[in-house]
1. In sequence order, what are the phi-derived ³J(HN,Hα) couplings for the stretch 74-87 according to the Karplus relation 6.51 cos²θ - 1.76 cosθ + 1.60 with θ = phi - 60°, rounded to whole Hz, with x for glycine and proline?
2. What length, rounded to one decimal in nm, is gained on full extension from residue 55 through to residue 81, with 0.36 nm per residue of separation minus their alpha-carbon distance?
3. If you keep only loop residues by DSSP, which GluC sites (Glu not before Pro) in the stretch 47-140 have at most 12 other Cβ atoms within 10 Å of their Cβ?
4. Give me 96, 47, 72 ranked fewest to most by other Cβ atoms within 10 Å of their Cβ, as a rough exposure proxy.
5. If you add up the charges near residue 133, with Lys and Arg at +1 and Asp and Glu at -1, over every other residue whose beta carbon is less than 15 angstrom from its beta carbon, what do you get?
6. Could you bin all the Cα-Cα distances of the stretch 26-136 into 5 Å bins starting at 0 and give me the percent of pairs in each, rounded to whole numbers?
7. In the stretch 26-136, what is the count of Lys pairs whose alpha carbons are under 16 Å apart, counting only pairs at least 8 residues apart or on separate chains?
8. Whole-Hz ³J(HN,Hα) for each residue in the stretch 31-42, computed from phi via Karplus 6.51 cos²θ - 1.76 cosθ + 1.60 with θ = phi - 60°, x for glycine and proline: what do you get?
Amino acid sequence: MEKANEIDDMEAELLQAMSIDDELPVYKAFSGQELSSGQAKAKMIDIVEALKTVHDPEIPINVYDLGLIYNINQKDNGDLHIDMTLTAPGCPVAGILPQQVADAAAGVLGVGRVEVEVVWEPAWSFERLSDDAKMMLEMF
């Protein structure tokens, strides 16, 4: 019986070590500038194409097809708020990938100020991959 208790204690310690008790990291990035009065705002298709130029350096797939972009909110004045996620909270490019997304979006004609916020809910999963990304990873 004592051995079973030791195993239960070890399992509980292992599960505790694997859990994330700390608050998840906050990542935000900003880019761009206010549009001049009367300037037409960008088309969403152009914004998406710009986001597709940003790639996760560990996976040869762009952040849009990888399913990391959750929401693009375009305001009437051309400003953007983009919610994105990362494949994991400890992602080694967490500090640079949001800025690359912000800079890519800000480079589109008709985009004003850009704020990119990393969100953790819902958690990223392979189901978020586009069909093109799944084919690239040979998951079909």
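1. Values per residue, Gly and Pro as x: 9, 8, 4, 8, x, 5, 10, 10, 10, 9, 9, 10, 10, 5 Hz.
2. Working: separation 26, 0.36 × 26 = 9.36 nm, distance 1.94 nm.
Length difference between fully extended and current span is 7.4 nm.
3. 58, 138
4. Details: 96 12, 47 24, 72 18.
Lowest count first: 96, 72, 47.
5. -4
6. In order of increasing distance, the bins hold 2, 13, 24, 25, 18, 11, 5, 2, 0 percent.
7. Count of close lysine pairs: 4.
8. Karplus-based 3J(HN,Hα) across the stretch 31-42 equals 7, x, 9, 4, 6, 6, 4, x, 6, 5, 7, 5 Hz.
Every read-out reported here was derived from the displayed coordinates using simple, explicitly stated rules and does not represent laboratory data. Given the structure is predicted, the values throughout are model-derived calculations rather than measurements. Note: ideal-geometry Cβ built from the backbone for every residue, glycine included; neighbour counts use all protein chains shown.
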